[in-house]
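The values are calculated or read from the model by the stated rules, or taken from the named source; none is laboratory data. Model, not experiment: these values are computed from the prediction. Quick reminder, even Gly has a Cβ in these numbers, built from the backbone with ideal geometry, and neighbours come from all protein chains shown. The area values use the complete protein model at the heavy-atom level, side chains included, leaving out ligands, DNA and RNA. Shrake-Rupley method; radii C 1.70, N 1.55, O 1.52, S 1.80 Å.
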Amino acid sequence: MDSDSVRDAGRRRLLGWGGLGIAGMAVGGAQLIGAGAGHAAPTSTDADAGADTDADAVPPATRPGGAYDRYVAKLAAEDKFSGVVMLSHRGRTVLSRSYGLADKEKGIRNHEGIAFNLSSAGKPFGALAVLQLAQQGKLRLWDTVGTHLTGFDKDIAERVTIHHLLSGVSGLRTPPEDLQRVFQSREEVREFYGRWARQSKLVSAPGTPTDHAGAEVAIPALIVEAVTGLTYWDYVQEHVFRRCGMSGTGFYTRPQWLTDPHIAHSYMRQADGTRVDAVRNLDKGSPDPHQLGKNPGRSFIDPPGDAGFATAPDLIRFAHALTDGTLLDRPYAEVATAPKLPLAPQGGGLAAAAAAPGDASFATYTMPVSIINGQWVRGRAGVNPGTVASWNIYPYTGWVGVVLGNYDDVPFQQIIQQEMQAVLGPH
């Protein structure tokens with residue numbers, strides 16, 4: 001979960017612009033693919049051919065052998081990308097490529113059925129859980145924190161609303177996380193993050209934009225638990241993942257990460273240039289100054305409201321379920337994705353790469369949106385040591401793009417830029 005210690009300029013450039021550039025699609029079977037010669041060699045599916053896709057609606061750059069395909073293949077050949085990329089148009093897979101190894105020790109290759117850690121790309125699941133409860137009348141978006149939870153400072157309990165939290169305008173600051181702690185159970189994780197969220201302080205008036213305050217994710221998850229009587233993980237598994245048919249997606253525990261062959265291990269680049277398996281080397285951490293010392297494997301399960309693991313096909317299923325009535329009635333789906341307030345230019349990263357005007361990016365409920373080349377683009381991105389994840393929805397033309405990787409030393413912003421350029425044309 002993002003903390004004040006992680007919220008600096010480099011991370012803002014990637015995630016602050018709205019996490020633009022993140023999504024995925026349906027499970028294609030979790031069969032193991034033995035490691036062959038050359039880790040960069042892609043695996044593909046018959047859907048790559050795209051024979052029945054309307055040629056007029058499918059830009060050449062999105063097709064197998066097109067500019068985007070060639071770009072990612074070159075990165076993989078240079079060992080600068082390991083993972084899965086997917087492009088789907090109106091529910092049909094146009095491009096599906098898998099590169100590298102999900103587990104180097106066991107020789108398991110990446111493929112469509114492999115689940116990758118999502119980091120911040122999983123945060124919209126929590127917002128949708130809250131909106132489902134609002135649609136059912138079990139909570140109201142103007143409810144304050146104190147309506148459902150105890151143990152918070154009086155000014156937070158009485159002044160900060162669910163809407164403030166989901167919109168990123170809570171005015172809260174959360175203390176740094178204990179990045180060195182190795183958790184041993186789900187209950188230990190729940191107890192720690194419940195206490196951590198209650199240590200938040202109101203540092204500016206509610207309604208003031210904040211910068212990835214961890215409480216803005218943790219508190220809505222606590223409210224979901226208080227209203228439903230279920231753990232956040234169990235509620236989302238049942239009412240989001242299962243409804244969408246996301247059978248390869250879940251909040252997997254560290255023991256599962258170590259033993260389940262359909263979960264990609266995260267390979268962290270170290271200061272000496274080597275990569276280490278995060279979950280098998282809990283004593284190692286990231287040298288990245290934006291995530292210094294962090295290792296996602298130390299958490300027994302991802303904190304409530306954050307992350308999880310998903311396959312690329314499942315993320316594409318999720319993208320379609322956002323608007324087809326599977327998760328929310330249409331009015332509440334529109335509430336989820338409607339722009340809430342303009343985001344200021346971040347001074348680099350995706351905003352600069354896409355040459356989008358400063359007032360073209362907007363906060364929604366944890367799933368920012370931007371206007372690129374005259375079209376809305378919705379999505380979310382996430383980075384963790386050994387992990388990159390992105391899903392983008394292009395609602396005007398029916399495209400969904402997904403990038404999931406288990407290296408952290410990749411040109412992530414450029415990959416997302418290439419995806420957008422393939423779908424939308426040059427910026």
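Here are the numbers for the structure shown:
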{"quantity": "Subset tally (residues that are surrounded by fewer than 20 Cβ atoms within 10 Å (Cβ to Cβ) and in contact (Cβ under 8 Å) with a residue 40 or more places away in the chain) for region 60-100", "calculated": "7"}
{"quantity": "Given (1) open to solvent by 20 Å² or more (accessible area, probe 1.4 Å); (2) under 20 Å from the mean Cα position of the chain (by Cα); (3) touching a residue at least 12 places away in the same chain (Cβ under 8 Å), number of the condition W257 does not satisfy", "calculated": "(1)"}
{"quantity": "Index of the failed condition, G91 passing every other in (1) over 22 Å from the mean Cα position of the chain (by Cα); (2) modelled with pLDDT under 95", "calculated": "(1)"}
{"quantity": "Filter result for T147 (of a type in the set (S, T, N, Q), part of a helix (DSSP H, G or I) and more than 20 Å from the chain's Cα centre (by Cα))", "calculated": "yes"}
{"quantity": "Residue pairs meeting the criteria (Cβ under 7 Å; at least 6 apart or on separate chains; first without any contact (Cβ under 8 Å) to a residue 40 or more places away in the chain, in region 143-172; second basic (K, R))", "calculated": "T144/R159"}
{"quantity": "The lone exception for V276 - which of (1) in contact with a Ser or Thr (Cβ under 8 Å, 6 or more places away or on another chain); (2) assigned to a strand (DSSP E or B); (3) free of Cβ contacts under 8 Å to residues at least 60 places away in the same chain it fails", "calculated": "(1)"}
{"quantity": "Region 220-253, residues that are more than 16 Å from R190 (Cβ to Cβ), in contact with an Asp or Glu (Cβ under 9 Å, 6 or more places away or on another chain) and not aromatic (F, W, Y)", "calculated": "C244, G245, M246, S247, G248, T249"}
{"quantity": "Within region 239-254, tally of residues that are open to solvent by 20 Å² or more (accessible area, probe 1.4 Å) and within 14 Å of V130 (Cα to Cα)", "calculated": "1"}
{"quantity": "Subset tally (residues that are surrounded by 18 or more Cβ atoms within 10 Å (Cβ to Cβ) and either aliphatic (A, V, I, L, M) or under 17 Å from the mean Cα position of the chain (by Cα) (or both)) for region 284-294", "calculated": "1"}
